[in-house]
Amino acid sequence: MSKPLSRQIVIDHAFELASLESVESVTLTRIASDLGVTQPALYRHIGGIHELLKAVTLRARELFVEELRAASLGLSGKMAVRALAYAWRRGGLAYPSLLTLPWYVRIQGDRELEFSVEEVTEVIGTTLAALDLDAEERMHAASLVRIVLHGFNAMEAGSGLSPVHHDETFEQLITLLWTGLQGMQGVVRTGRRRDIDSDPNNVERVLGDGAWD
């Protein structure tokens, strides 16, 4: 190695492996071999594989939040949602293996990881400022957007097809998503809103209401 081993070097290399190859490539054996050090040397800088994967997850989310903020800056309404959706999709296409990171680290109960998810949701919520929703309802809607976009990314990454095959579907998804978000305003105002997180039928109902304008 040309530089002394450090925690930052270990995390940087793990992030590169996860981005260019797969999360499965991120092992202490592989990293030690690539960096020309022993595994005990790694433990002086990283507590173990879970701590390393957590650090990679936090790095990925930090970059993701920056990209989402930049994409929707200065926009509002459906234009903001569309810009954010495309930024989300670009992130999924650029780092497909990073989509699986939450399966390898336990988010619930880890305040740092929970906060990183909340930060993504808050950025999405900012793009929904034009909707007639209070703060709690906006975060609820943002969680729905996050789930929908993550689901599309996972489908696209696992399809094995060129992204161009999914372009039309993605546009249709954005239209449906915005229509549903518009419809949520009416649902809230009439007092008919139920918890969409616990009632899948309500998601379908909400996405069926409203109008694209």
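The values are calculated or read from the model by the stated rules, or taken from the named source; none is laboratory data. Keep in mind that this is a model prediction, so the values were computed, not measured. Here Cβ is always computed from backbone atoms with ideal geometry, including for glycine, and neighbour counts include all displayed protein chains. Remember, those area values only see protein heavy atoms, side chains included, never the ligands or the DNA or RNA. Shrake-Rupley method; radii C 1.70, N 1.55, O 1.52, S 1.80 Å.
The table that follows gives values for the structure above.
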quantity: Count - residues of the range 17-42 that are assigned to a loop (DSSP other than H, G, I, E, B) and of a type outside the set (Asp, Glu); calculated: 6
quantity: Selection from the range 46-75 of residues that are within 16 Å of Asp12 (Cα to Cα) and either at pLDDT 95 or above or open to solvent by 70 Å² or more (accessible area, probe 1.4 Å) (or both); calculated: His50, Glu62
quantity: Test: residue in the range 26-39 that is within 21 Å of the chain's Cα centre (by Cα), farther than 21 Å from Glu122 by Cα and open to solvent by less than 70 Å² (accessible area, probe 1.4 Å); calculated: yes
quantity: Hits in the range 124-137 (condition: open to solvent by 50 Å² or more (accessible area, probe 1.4 Å) and either touching a residue at least 40 places away in the same chain (Cβ under 8 Å) or charged (D, E, K, R) (or both)); calculated: Thr126, Ala129, Ala130, Asp132, Asp134, Glu136
quantity: Hits in the range 1-12 (condition: farther than 23 Å from Val117 by Cα and open to solvent by 20 Å² or more (accessible area, probe 1.4 Å)); calculated: Met1, Ser2, Lys3, Pro4, Leu5, Ser6, Arg7, Ile9
quantity: Filter pass, Pro96 being open to solvent by 20 Å² or more (accessible area, probe 1.4 Å), touching a residue at least 60 places away in the same chain (Cβ under 8 Å) and of a type outside the set (A, V, I, L, M); calculated: yes
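Rundown of residues vs (1) over 27 Å from Leu17 (Cα atoms); (2) not in a helix (DSSP H, G or I), yes/no style:
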{"site": "Ala87", "(1), (2)": "no, no"}
{"site": "Gly92", "(1), (2)": "no, no"}
{"site": "Leu101", "(1), (2)": "no, no"}
{"site": "Glu114", "(1), (2)": "no, no"}
{"site": "Glu118", "(1), (2)": "no, no"}
{"site": "Glu122", "(1), (2)": "yes, no"}
{"site": "Ala129", "(1), (2)": "yes, yes"}
